[in-house]
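For reference, the structure is listed below as structure tokens.
The values are calculated or read from the model by the stated rules, or taken from the named source; none is laboratory data. Quantities reported herein were computed from a predicted structural model and do not represent experimental measurements. Cβ atoms come from the backbone with ideal geometry, glycine included; neighbour counts cover every protein chain shown. Keep in mind that these areas ignore ligands, DNA and RNA; they rest on the heavy atoms of the full protein, side chains included. Shrake-Rupley method; radii C 1.70, N 1.55, O 1.52, S 1.80 Å.
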Amino acid sequence: AAPALQAMGDVRYPLVRANREAVAVFMSAQLNRGRAPRQNLAEFVAEVSHLMLRQVAVSYTDEQWLDAIGEIPSQEQREQIADSEKHFKLQPSNAMLLETLLSSVDEIAELLNMRTWTLARFAPGCLFTGEHPVVEINPSGESTGSGVMTAERIYMPVSPTLALVLSHPWTSWPEAIVNGTTALAVRLNWAMLSHPSNLELLLHPDVSSHPLPSPALLARDSWWPWGEDPESELPVFLDYLPKRPMPTSPS
């Protein structure tokens, strides 16, 4: 993705097809990398593994134990396996976590590629980033299906002055370079700052402050105080898609 990122940094846009595909894969990987997704997946795998051990401890026959581990555990050992959380810790390997987290990169990249890509250009020093540089903007807070499919926007800062914003193709956002307003910088910065997985932020050392929402705006007690964008709703001709019942196969 480096040549594509450099092209955007040099404001050579829109990207050629190969560069666009490379950035889509890069952004897809960023959505699942980092400490928070890795920790969440590790906890999930450990919990499921403990449940599986409990099921094994109460249901395996002597023949199955012999086939699995070459011996028949005592009653005390079976009780410990059934209550494994108290007796030993299960920790998936980093290799396993990495393979799982990145298993859907190509599929997510295809969804990203289908969106409208807008490169917004700002005054110097407007933007900052974080340990999760690609964030989804979903004001409704609903998480039906993949966030990549339902989010109003998907945002990645390319530099302190350039923002790559991915929108639904039916909105008015253009596939082009636009001049970003201060109001847009405020929204993008808030999306980056409020992202729950961004435990660390990366700021340019020469920039003393960045555009952010005012206290009065944040007093609305809403994660996204601007509300939802009507343009991002499903068009009328697509509105039936989520509600259409799945066809039943003939018996």
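Please sort by residue number the GluC sites (Glu not before Pro) in the range 41-83 whose DSSP state is loop and whose Cβ has at most 14 other Cβ atoms within 10 Å.
Answer by residue number: Glu71.
With point charges of +1 on the Cβ of Lys and Arg and -1 on the Cβ of Asp and Glu, referenced to the Cα centre of the range 47-137, which listed residue (Thr118, Pro73, Leu98) lies farthest in the positive direction of the dipole?
Thr118
Can you check what the net charge comes to around Lys86, using other residues whose Cβ is under 15 Å from the Cβ of Lys86 (Lys, Arg +1; Asp, Glu -1)?
-2
For the chain, take the longest principal axis of its alpha carbons; what is the angle in degrees between that and the long axis of helix 35-59, to the nearest 10 within 0 to 90?
It works out to around 20 degrees.
Considering only protein heavy atoms, what is the solvent-accessible area of Met149 at a probe of 1.4 Å, reported in Å² to the nearest 10?
120
Quick check: with the 1.4 Å probe, what order do Ile137, Ile69, Ile81 take by accessible area, largest first?
Ile69, Ile81, Ile137
Nearest 20 debye, what's the magnitude of the dipole of the range 46-199 about its Cα centre given +1 on Lys and Arg Cβ and -1 on Asp and Glu Cβ?
1060
Please compute the modelled spin-label separation between His204 and Gln77, points set 7 Å along Cα→Cβ, answer in nm with one decimal.
So the two model labels end up 6.4 nm from each other.
What do you get when you divide the Cα radius of gyration of the range 1-103 by 2.2 N^0.38 Å, with N the number of residues?
1.77
Restricted to Cα positions, what overall size does the range 72-185 have along the principal axes? Three whole-Å values, descending.
Projected onto the principal axes, the Cα atoms of the range 72-185 cover 71, 31, 26 Å.
Which one, Ser197, Met149, Gly130, projects farthest toward the positive side of the charge dipole computed for the chain from Cβ point charges (K/R +1, D/E -1)?
The residue sitting most towards the positive pole is Gly130.
Within a Cβ distance under 13 Å of Pro160, other residues only, what is the Lys/Arg minus Asp/Glu net charge?
0
Relative to the longest principal axis of the chain, what angle (0 to 90°, nearest 10) does the C-alpha long axis of helix 17-32 take?
On a 0 to 90 degree scale, this one is about 50.
List the chymotrypsin sites (Phe, Trp or Tyr not before Pro) within the range 129-200 that DSSP assigns to loop and that have no more than 15 neighbouring Cβ atoms inside 10 Å.
Hits after loop and neighbour filter: Trp170.
Take peptides 121-128, 3-10 and line them up by average Cβ neighbours within 10 Å, highest first, as a rough protection proxy.
Going from most to least packed, we get 121-128, 3-10.
For the chain, modelled as a GNM with alpha-carbon contacts under 10 angstrom, which of Pro14, Pro235, Pro73 fluctuates the most?
Its mean-square fluctuation being the largest, the pick is Pro73.
Please give the Cα centre distance for the range 91-160 versus the range 9-59, rounded to the nearest Å.
Here the answer is 11 Å between Cα centres.
Which number do you get for Rg(Cα) / (2.2 N^0.38 Å) in the chain?
1.32
Pick out, in residue order, every one of the trypsin sites (Lys or Arg not before Pro) in the range 136-234 that is DSSP loop and has at most 14 other C-beta atoms within 10 Å; say none if there are none.
Of the trypsin sites (Lys or Arg not before Pro), the ones in loops of the range 136-234 whose Cβ has at most 14 other Cβ atoms within 10 Å are Arg220.
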